[in-house]
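The values are calculated or read from the model by the stated rules, or taken from the named source; none is laboratory data. This is a predicted model, so every value here is computed, not measured. We place every Cβ from the backbone using ideal geometry, glycine too, and count neighbours over all the protein chains shown.
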Amino acid sequence: MQTFAGVDGGGTRSTLVLANSAGAELARVAGPAGIVDPRQPERSAEVIAELVREALSRAGLAERPAALCAGLAGVGNEPERLAVESALSAAEVAGAVRIVSDGEIALHGAFGGGAGVLLIAGTGSVAYGLGPDGQRGRCGGWGMMVGDEGSGYAIGRSGLAAALRAVDGREGETRLLPLLLEVLELDGPSGMPPWAGRASKSDIAALARHVLDAAAGGDALAMSVVEHHARELARHVIALAHRLGPWPGDVPVVFHGGVLRSGLYASLVDLSLSQNAHRYRIQPAQADAVHGALAYARAMVDGKVPAGA
């Protein structure tokens with residue numbers, strides 16, 4: 001019986017699923033972050049190799065998987081990707097090994113290997129797409145200093161900035177000021193800049209929930225912040241779909257990430273898309289990222305590696 005391993009290696013944890021050729025899940029294990037550190041790319045290989053051994057033990061199997069595909073955060077650069085791939089191949093954890101980005105397996109899982117655009121908005125933001133002709137592309141994902149428009153970080157930062165403009169009188173009265181002061185446990189607005197200077201990206205992104213709550217509650221300034229970022233996020237899809245076209249019909253789009261779980265925010269992004277000349281169809285993902293990696297691993301053995309990979 002052939003088995004296959006798929007890995008979703010993110011910034012906080014990694015998940016590996018071992019399955020047979022029929023797609024039945026034999027074991028699922030979780031471990032440390034799989035994100036690739038450019039200084040020690042081999043460390044990610046060590047994490048994955050240990051997960052494979054644990055999964056085989058749980059499944060009561062001795063024979064290594066026929067193929068393993070791991071989608072890892074931080075493999076945007078080819079040298080790091082090849083270093084991890086080489087280390088895993090040397091460890092002989094699978095008959096064939098392939099390392100791709102975490103976005104690539106999420107895209108493959110979302111559309112079952114078919115065409116579409118995956119829009120991700122969590123702490124950061126990025127869109128991945130596969131066109132009808134097999135062309136693959138990405139839009140955004142440039143990081144918090146020069147990108148991440150429409151992300152949780154961008155909304156949280158904009159919420160803080162809007163509250164402070166209200167202090168100056170540059171904006172009207174808003175619930176954002178007392179709300180954020182309460183959340184941050186600060187005595188006054190003068191404490192906001194020092195807090196922001198010490199805060200991590202995820203700390204600021206966590207404020208997006210409160211900005212969205214204020215917008216849903218009718219706060220005009222919060223709503224203007226949310227609407228702005230919804231338009232910016234939609235532009236990721238529009239630009240990427242344009243590059244990957246022409247499309248025979250509606251462009252399939254899957255929303256992914258914590259910020260897009262907000263009904264208000266998702267509806268505003270959808271509204272921005274509907275105001276474009278092309279038509280977009282929002283749909284649920286067919287499978288999650290780890291099952292996208294599994295499908296990729298099976299395609300490796302079948303000689304049908306996903307187009308553009």
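I'm checking my understanding of the structure. Among residues of the range 169-209 that are small (Gly, Ala, Ser) and assigned to a helix (DSSP H, G or I), which one is surrounded by the fewest Cβ atoms within 10 Å (Cβ to Cβ)?
Only one residue fits best here, namely Gly197.
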Spot the failing condition for Gly308; the list is (1) surrounded by fewer than 22 Cβ atoms within 10 Å (Cβ to Cβ); (2) among the small types (Gly, Ala, Ser); (3) modelled with pLDDT of 95 or more, and only one is missed.
(3)
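Looking only at the range 270-293, filter to residues that are in a helix (DSSP H, G or I) and within 30 Å of Ala70 (Cβ to Cβ); which one of those is nearest to the chain's Cα centre (by Cα)? Write out each step before concluding.
Narrowing the range 270-293 to residues in a helix (DSSP H, G or I): 270-274, 289-293.
Of the ones still in play, those that are also within 30 Å of Ala70 (Cβ to Cβ) are 289-293.
Numbers: Ala289: 9, Val290: 13, His291: 15, Gly292: 13, Ala293: 14 Å.
Filtering first and then ranking leaves Ala289.
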Given the condition under 19 Å from Gly134 (Cα atoms), among the hydrophobic types (A, V, I, L, M, F, W, C) and either assigned to a strand (DSSP E or B) or assigned by TED's automatic domain parsing to the domain that holds Ile35 (or both), answer yes or no: does some residue in the range 87-102 qualify?
yes
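Is it fair to say Glu25 is at pLDDT 85 or above and over 19 Å from Ile99 (Cα atoms)?
Answer is yes for this residue.
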Do the conditions hold for Pro252, that is, is it outside any loop (DSSP other than H, G, I, E, B) and either within 23 Å of Glu104 (Cα to Cα) or within 20 Å of the chain's Cα centre (by Cα) (or both)?
yes
Are any residues in the range 29-47 surrounded by 14 or more Cβ atoms within 10 Å (Cβ to Cβ), out of contact with any helix residue (DSSP H, G or I) (no Cβ under 6 Å at 6 or more places or on another chain) and not in a loop (DSSP other than H, G, I, E, B), and if so, which ones?
Arg43, Glu46, Val47
Find the residue count for the range 131-159, including only residues that are out of contact with any Ser or Thr (no Cβ under 7 Å at 6 or more places or on another chain), crowded, with 22+ Cβ neighbours inside 10 Å and free of Cβ contacts under 8 Å to residues at least 60 places away in the same chain.
2
